[in-house]
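The values are calculated or read from the model by the stated rules, or taken from the named source; none is laboratory data. Keep in mind the model is a prediction, meaning the values are calculated, not measured. Reconstructed Cβ throughout: ideal geometry from the backbone, glycine too, with neighbour counts over all protein chains shown.
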Amino acid sequence: MATMTTAVPVRRRRLFYVGFATALALTAFVGFGPTYFFKPVVQSPPLRPLAHVHALLFTSWIVLLLVQTTLVSVRRTDVHQKLGWIGVALAVLMVPVGAMLAIDSAGHGLAPPAMDPLTFMAIPLGALVLFTGFLTGAIAMRRRPALHKRLMLLATISIITPAIARFGFIGFRPLIALGLTGLFVLAAIANDWRLDRRVHPVYIWGGLLILVSGPLRIAIGRTEMWHAFARMLVF
């Protein structure tokens, strides 16, 4: 009986991570649908080559996350571990390409309405810093599944905001998109509480970092010091 009682939460936990990865994938698909995935049938501005590379890398990351969580759910951790190094290779490309696209976009004057491009640049660059930090922690903790899987989710949550911002009802308002990103954090926290009646510290501190970093990035982006630094990068 004890074995059966333990097995149910384990199964639910595995299914949660598959479902969570699916929700992230759907968010990216819907958010970027009109400007990327549905481009053959929807009229939208042409993408620069760098944006195509960026989209390919970040889409591959989301797909790999879904594959990895599914492998764990069917107990193929041997394949999961081998594919993990593909994730590392992807991340090594994602971070510099993401940074180059953010800088290039600022150079082209691209930004949400009523926001200066140099100010806005702090948001995606800050997201890449968070992504790198969470992913580095996940790699370091790959032998400790409870830490590893939570850090991997937080890493992906930290880069999902651009997809959320492109939902029509949000109107590309960064602060709202950053706030809604926190719903993914709250869902992860709620699942921990539902299964364990406690929340893992990684979700508490990592989730808090994601939530606080949004307004902080905007505040930093509005400072003259940031603008001086951003101008060096752009020009």
Q. Among (1) surrounded by 13 or more Cβ atoms within 10 Å (Cβ to Cβ); (2) in a helix (DSSP H, G or I), where does Ile170 come up short?
A. (2)
**Q.** Pick from the range 57-88, criterion within 16 Å of Leu135 (Cα to Cα) and small (Gly, Ala, Ser), ranking: modelled with the lowest pLDDT
**A.** Gly84
Q | Selection count, the range 85-111, where residues are assigned to a loop (DSSP other than H, G, I, E, B) and crowded, with 18+ Cβ neighbours inside 10 Å | A | 1
Q: Tell me, yes or no, whether the range 176-186 has at least one residue that is more than 19 Å from the chain's Cα centre (by Cα) and under 28 Å from Phe37 (Cβ atoms).
A: no
Q) Checking Leu195 against (1) assigned to a helix (DSSP H, G or I); (2) crowded, with 17+ Cβ neighbours inside 10 Å, which single condition isn't satisfied? A) (2)
Q.
Looking at the range 80-87, can you tell me whether even one residue there is closer than 24 Å to Val202 by Cα, in contact (Cβ under 8 Å) with a residue 24 or more places away in the chain and out of contact with any Lys or Arg (no Cβ under 9 Å at 6 or more places or on another chain)?
A. yes
Q: Looking at (1) surrounded by fewer than 14 Cβ atoms within 10 Å (Cβ to Cβ); (2) in contact with a Phe, Trp or Tyr (Cβ under 7 Å, 6 or more places away or on another chain), find the lone condition where Pro46 falls short.
A: (2)
Q. Any idea how many residues of the range 131-142 are surrounded by fewer than 20 Cβ atoms within 10 Å (Cβ to Cβ) and assigned to a helix (DSSP H, G or I)?
A. 6
Q: Could you tell me whether Phe120 is touching a residue at least 60 places away in the same chain (Cβ under 8 Å) and either under 19 Å from Pro215 (Cα atoms) or surrounded by 18 or more Cβ atoms within 10 Å (Cβ to Cβ) (or both)?
A: yes
Q) In this structure, is Thr136 out of contact with any Lys or Arg (no Cβ under 7 Å at 6 or more places or on another chain) and farther than 28 Å from Asp116 by Cβ? A) yes
Q.
On the basis of being in contact (Cβ under 8 Å) with a residue 24 or more places away in the chain, over 21 Å from Thr27 (Cβ atoms) and not basic (Lys, Arg), does Val185 make the cut?
A. no
Q) From the list Leu50, Leu71, which residue is assigned to a helix (DSSP H, G or I), under 21 Å from Pro162 (Cβ atoms) and out of contact with any Cys (no Cβ under 8 Å at 6 or more places or on another chain)? A) Leu50
Q) Is the range 143-165 home to any residue that is basic (Lys, Arg), surrounded by 17 or more Cβ atoms within 10 Å (Cβ to Cβ) and assigned to a loop (DSSP other than H, G, I, E, B)? A) no
Q.
If I filter the range 74-81 for residues that are β-branched (Val, Ile, Thr) and either in a loop (DSSP other than H, G, I, E, B) or out of contact with any Leu (no Cβ under 8 Å at 6 or more places or on another chain) (or both), do I get at least one hit?
A. yes
